[in-house]
Structure formats: structure tokens, C-alpha cells
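Notes follow the structure.
FYI, it's all coordinate maths here, none of it is from the lab. Given the structure is predicted, the values throughout are model-derived calculations rather than measurements. Positions of Cβ are generated from backbone atoms using ideal geometry, with glycine treated the same way; all protein chains shown enter the neighbour counts.
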Amino acid sequence: MGIYLSTPKTEKSSEDGENDNLRYGLSSMQGWRATMEDAHAAYPDLDASTSFFGVYDGHGGKVVAKFCAKYLHQQVLKTEAYAAGDIGTSVQKAFFRMDEMMRGQRGWRELSVLGDKINKFTGMIEGLIWSPKSSDSSDQVDDWAFEEGPHSDFAGPTSGCTSCVAIIRNNQLVVANAGDSRCVISRKGQAYNLSRDHKPDLEIEKERILKAGGFIHAGRVNGSLNLARAIGDMEFKQNKFLPAEKQIVTANPDINTVELCEDDEFMVLACDGIWDCMSSQQLVDFVHEQLRLETKLSAVCERVLDRCLAPSTANGEGCDNMTMILVQFNKTTQSSAPTYEQSTSQKAVETEPKPAETDPKPEGSGC
């Protein structure tokens, strides 16, 4: 059977919700893959003025994606930056915090609760197959208490996940991304990418990988991982002389900030199982078509998943796990003279925004 099933699992897990500022629908489907490694989070009321949506695409196991879905939004709320109104810094710290929390006995125990494939002879869980050689107990002090135990020097899982998160507060949209899941906004029917796919061959990623002592072979980091940024994957983060943002693989997200306006209709968060099959503009066009026929947003997501599902595993595209979140904005709450800002973890210089293309770039638009 390999990594694919003989027939796809097309049952979907779907959900809808809303508040005064937006409504959302989401759906996820295992498809042809032998296991479901995607996870997601949708909290329209993270606090009184903030909504949170996240898509986490696991690789090498599901546990890191499930861990992020359970804890990442909680860590955003805990930072001093969040209390001060700096959402970008708070979400960046939360991405790094996931790696910190998954270390040690407490991290191992939490991951084992989330995993469901335990080898009775070795006690190892899916994705937790690497035995660290040295202890690193640099947990910061908060309510995540350090625990003594047989896995106290566990340095984290070899599995990992992408993370694409969108946080909406009033008219401000903050998108944080590490990996190749993607956030796209529809503005007057035009698709604009609010995240960049972090592939190893991108010049800025290649430079960091090589400086940290890694290499790229066949488009993969050290010949194995086809992502340059991810949460987890701790075997690529073991250079003791480099900070977390300069490791071979880093959880450091690009962060884009957008001021929403009347022309913004909806945004989509989705894993690469969707983007392998449709460009950003193709998906926006398809969603527009479906919204003329369907008011339930989760049903629109389900139709996208069905559209992307391959008839067979012959070509690979359309055979991945698929997760999509569709968020429709309430235009009465949006300002009439918005602006667009872009800030990334790499301090990129702003350029004139352009519509999304087949090969996405970290772009947005002013109205």
C-alpha cells in the first residue's frame, strides 16, 4: 500500500461559525494518504476583539500538527507583546515557543498523548524516533513546568509541520507563515498572496541552510525535507552556536500585516494539498463561483476538496491530505481608506503589490 490507500478516504470533517465581524467554514479530508496528518484551529472569538485561524500540515507523523493546533493560539495570548497590542511579535514568539515546549519530559508526554501509534517494544511514538545525545533544558519559565523523567533530555520530535496562521483584530489582518501552507485574500475578485511558500531553493532559504551547515539535494534539505521552515523537525535545529532563526530549518515565520477594506471579500488558508492542484487565482475564482450557489462556507470548502482530489495516484497531485479554511469578511466593519503594510521576519523591502501568480510571492495590496 505504501503511502497511499487503494481507495481514497473522502469523508470530511467540516465546521462553520461566525461573529459580528466575519463568518467562516472549514473542511479537511484524508484523501489518498495512508494517514491524516493535517490539523487546524478556528477561534472566531480568541478574545473580545480578535479572531484566530490556523492550518498545520504535518510530515513524518501527525503529532506536531496536533500539538500546534492545541497550543499555538494559547501561546499567542500569553506573550507580553500581545498584551501590548503587537500581534506580529506575539505570533512569532508563539511559533518558536512550540519547539521549546516539545522538548523534555513534559514535551514527550504531551506528544505521546496526541499520538496514537506506539510501538509496545520500544515505547516510541510516530515522529519521536530520534534519541537526543545531550540535554537542553532551556525552557522559559511559565505554566509549562519542567518535568523530570526518562525523557527529560528529549530534544524534540523528528516529525514536524507547516504553520500558516491568520489573526484578525478589528480591521487588521496579521498572517504568519512557516512552510508551504498558504494564505490568500480575494480583493475585488483578484487573488493576493499573504504568505510565501518556503522551499529550500529560494535564495534566502538556501543561504541560511548552507551557512548553518546543511545542504540541498534534489530540492530537499539534506536530501530529505522539502521545506525550509517548519515547526518541529528538531534534527535540523541542533547547531548550538546559532539562534533558532538561523538553524538549517527554522520555525521563524514571515509576517504580513494588512489593513482590511471594503474591497476585501474573503481569505483562504489551506495546506499544499490544495495549492498543488490550484493556483491562488484559480481557487479564488472557484470560490466566487461557488458562493453564488452556496451560502454555507464549509460546503464551499468541501467542493474545493472534491475538485482537487485526484482520480488515481498515478501523478501524485491531488493525492495529499487536504485542509481549507474560508473566512468571509463583514464589510460593514471595515474602513473606507485602508492601507497595506508588509513586514517579514527577513525585514523585506516593500514593493508595489501585484496580483498572485502561479508561483506565489509574499504580496498584498492596498485598495
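Sorting 234, 102 by the number of Cβ atoms found within 10 Å of their own Cβ, with the fewest placed first, yields 234, 102. Among 241, 95, the order by Cβ neighbours within 10 angstrom, fewest to most, reads 241, 95.
Positive end of the dipole of segment 44-83 (Cβ unit charges, origin at the Cα centre): among 67, 83, 46, the Cα lying farthest that way belongs to 67.
Please work out the C-alpha center-to-center distance from segment 159-198 to segment 18-70 and express it in whole Å. Distance between centres, Cα-based: 13 Å.
Restricting the trypsin sites (Lys or Arg not before Pro) of segment 213-295 to loop positions (DSSP other than H, G, I, E, B) with no more than 14 neighbouring Cβ atoms within 10 Å leaves 240, 292.
Phi-derived couplings, Karplus 6.51 cos²θ - 1.76 cosθ + 1.60 at θ = phi - 60°, listed residue by residue for segment 158-173: 7, 6, x, 7, 6, 8, 10, 10, 10, 10, 10, 10, 6, 9, 9, 10 Hz, with x used for Gly and Pro. Pairs spanning more than 20 Å between alpha-carbon atoms, out of 66/211; 199/246; 93/199; 66/240; 12/296; 211/246: 66/211; 93/199; 66/240. Listed from fewest to most Cβ neighbours within 10 Å, the set 225, 72 follows the order 225, 72.
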